[in-house]
Amino acid sequence: MSDLATFAAERGVKYFMISYTDLFGGQRAKLVPAQAIAGMEQDGAGFAGFATWLDMTPAHPDMLAVPDPAAVVQLPWKPEVAWVPATCVMEGEEIEQAPRNVLRRMVDAAAAEGLRVKTGVEAEFFLLTPEGDRISDVHDTAAKPCYDQQAVMRRYDVIAEVCDYMLGLGWNPYQNDHEDANGQFEMNWDFDDALVTADRHSFFKFMVKSVAENHGLRATFMPKPVEGLTGNGCHAHISVWDIAGQANAFAGAGTGQTGEVGLSEKGAHFLGGIMQHGEALPAITNPTVNSYKRINAPRTISGATWAPNTLTWTGNNRTHMVRVPGPGRFELRLPDGAANPYLLQAVIIAAGLSGLKGKADPGPRHDIDMYAEGHTVKDAKRLPLNLLDAIRAFEADGTLTAMLGAGFSASYAKLKRQEWNAYTAHFSQWEKDNTLDI
Ligand code: ADP
Ligand code: MG
Ligand code: MG
Ligand code: MG
Ligand code: MG
């Protein structure tokens, strides 16, 4: 019996959801009865790539999504179904631009250097009414709602259900809270290898949305779903280990300003790569039109956006793009809830490896309150102000786009430009209000 057929027999799984993630982060799947899974495990499930965001034409041959049995997860809320992420292939070749393939290439590139990248993500979300137009809890109106004890208990049924599922899946969840916006929550589980974290991140989004739907609610990871409130970040915490995963290469004595906050020389260079490629990152870490209403945003009702404006790094201070919360790791605070789980990890590894290779210097540490005193920093670059600037900056970074794969990068930028063009072609009330009487 194949691995998945055995899994089905042992666990009473009736259907497999063979799933892949497209370039816009959409999760696409076919439901395959367990009886047919052995053949699919061998050959893959067939899809018309053009029908999703993969930069293909209707004339392309079938794309086959070959499930990765090592990553299968039984749905805790529907145990007769199991989700399994797939490797996308066409005519025997891996599809270069398929996001999980991009990440697997970056994991291999790190392994070729004897390194293993481990990451954790903080995928914030809002719980809205089913129509998505309001916060579901009408009593959740405090100006500073972060960690609100009463409000988190009003959503206990959803939060505890998801946390129980994570416990059962062995992800080691360790805390849940009400976040800084009304209706916003965060649930944290332990970091792991970048591919494991990306698969869990994808599954987490699917799980939170599904559980919320079962409770008559709508969960959203949209970067800025409510004007004036703090947006949905998706901070990534990063460390790099030896290939056995035993020794943290970011820990240990370092030098200079990075050494002072507990990063080794390798940690400093990896961070240097993130800083060097910082202008190119947002096309992937902040991939939607709406993303730019979270970064570079005016102060929110709670008092702070908690999102960066500028390409700066610091120690344990949450007002910069990168925070080093303690020894042996750093936090990239740039990504938002729209970031594609696979491309997010891939771009971090690509930028970091480039920094290691070139022994990149992260530049000076800034310990100020960036929101209050940012104007005093003269030597820092601003983050892109909109998606178009971000795409242009991505295209201009030849090193990063080559590392990610020239074909992937061209496809990604092309589809994102189409998205931007669709947005600008859209007639808005704003332009009418501001132009009618001109
Ligand atoms: P904060 O809100 O302070 O930024 P959280 O506790 O919400 O932090 O999230 C921290 C994330 O960082 C978790 O996923 C955690 O497992 C992860 N993490 C902790 N240590 C490391 C490390 N050495 N390498 C990578 N990720 C780490
Ligand atoms: Mg058909
Ligand atoms: Mg957190
Ligand atoms: Mg948070
Ligand atoms: Mg954080």
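Observations on the structure shown:
- Within the range 167-184, considering residues that are more than 14 Å from ligand 4 (Cβ to nearest atom) and among the polar types (S, T, N, Q), the one least open to solvent (accessible area, probe 1.4 Å): N182
- Only a single criterion out of (1) surrounded by fewer than 22 Cβ atoms within 10 Å (Cβ to Cβ); (2) within 16 Å of ligand 5 (Cβ to nearest atom) is not satisfied by E227, namely (2).
- Selection status of G120, away from ligand 4 (no atom under 16 Å from the Cβ), touching a residue at least 12 places away in the same chain (Cβ under 8 Å) and not charged (D, E, K, R): no
- Output for the range 175-223, where each listed residue is acidic (D, E), in contact with a Lys or Arg (Cβ under 9 Å, 6 or more places away or on another chain) and either within 16 Å of ligand 3 (Cβ to nearest atom) or without any contact (Cβ under 8 Å) to a residue 40 or more places away in the chain (or both): D180
- Enumeration of residues in the range 91-124 that are in contact with a helix residue (DSSP H, G or I) (Cβ under 9 Å, 6 or more places away or on another chain) and at positive phi: none
- The set of residues in the range 133-147 that are surrounded by fewer than 17 Cβ atoms within 10 Å (Cβ to Cβ), at pLDDT 95 or above and not hydrophobic (A, V, I, L, M, F, W, C) comprises R134, H139, T141, K144, Y147.
- The one condition in (1) modelled with pLDDT under 95; (2) open to solvent by 20 Å² or more (accessible area, probe 1.4 Å); (3) under 30 Å from Q184 (Cβ atoms) that N316 fails to fulfil: (1)
- Counting only helices (runs of 4 or more DSSP H) that sit wholly inside the range 223-305, those with at least 1 residues that are in the same structural domain as A339 (by TED's automatic domain parsing), within 17 Å of G352 (Cβ to Cβ) and touching a strand residue (DSSP E or B) at 6+ places or on another chain (Cβ under 8 Å) are 265-276, 282-285.
- Within the range 329-355, being within 10 Å of the chain's Cα centre (by Cα) and not aliphatic (A, V, I, L, M) holds for P335, D336, G337, N340, P341, Y342, Q345.
- Members of the range 287-304 found to be at pLDDT 90 or above and either of a type in the set (S, T, N, Q) or crowded, with 22+ Cβ neighbours inside 10 Å (or both), listed by number: P287, T288, N290, S291, Y292, R294, I295, T300
- Which numbered condition Q35 fails, given (1) over 15 Å from F206 (Cβ atoms); (2) open to solvent by less than 40 Å² (accessible area, probe 1.4 Å); (3) among the polar types (S, T, N, Q): (2)
- Residue tally, condition without any contact (Cβ under 8 Å) to a residue 12 or more places away in the chain and on the phi > 0 side of the Ramachandran plot, over the range 14-45: 0
- Number of the exception - R104 against (1) closer than 27 Å to N286 by Cβ; (2) touching a residue at least 24 places away in the same chain (Cβ under 8 Å); (3) not in a helix (DSSP H, G or I): (3)
Condition check ((1) farther than 24 Å from V240 by Cβ; (2) modelled with pLDDT of 95 or more; (3) β-branched (V, I, T)) across all residues:
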{"residue": "A338", "(1), (2), (3)": "yes, yes, no"}
{"residue": "P341", "(1), (2), (3)": "no, yes, no"}
{"residue": "A346", "(1), (2), (3)": "no, yes, no"}
{"residue": "R365", "(1), (2), (3)": "no, yes, no"}
{"residue": "M370", "(1), (2), (3)": "yes, no, no"}
{"residue": "T376", "(1), (2), (3)": "yes, no, yes"}
{"residue": "A380", "(1), (2), (3)": "yes, no, no"}
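The values are calculated or read from the model by the stated rules, or taken from the named source; none is laboratory data. The shown structure was predicted, so the numbers you read here are calculated from the model rather than taken from an experiment. Note: ideal-geometry Cβ built from the backbone for every residue, glycine included; neighbour counts use all protein chains shown. Just the protein is used for accessible areas: all its heavy atoms, side chains included, with ligands, DNA and RNA removed. Shrake-Rupley method; radii C 1.70, N 1.55, O 1.52, S 1.80 Å.
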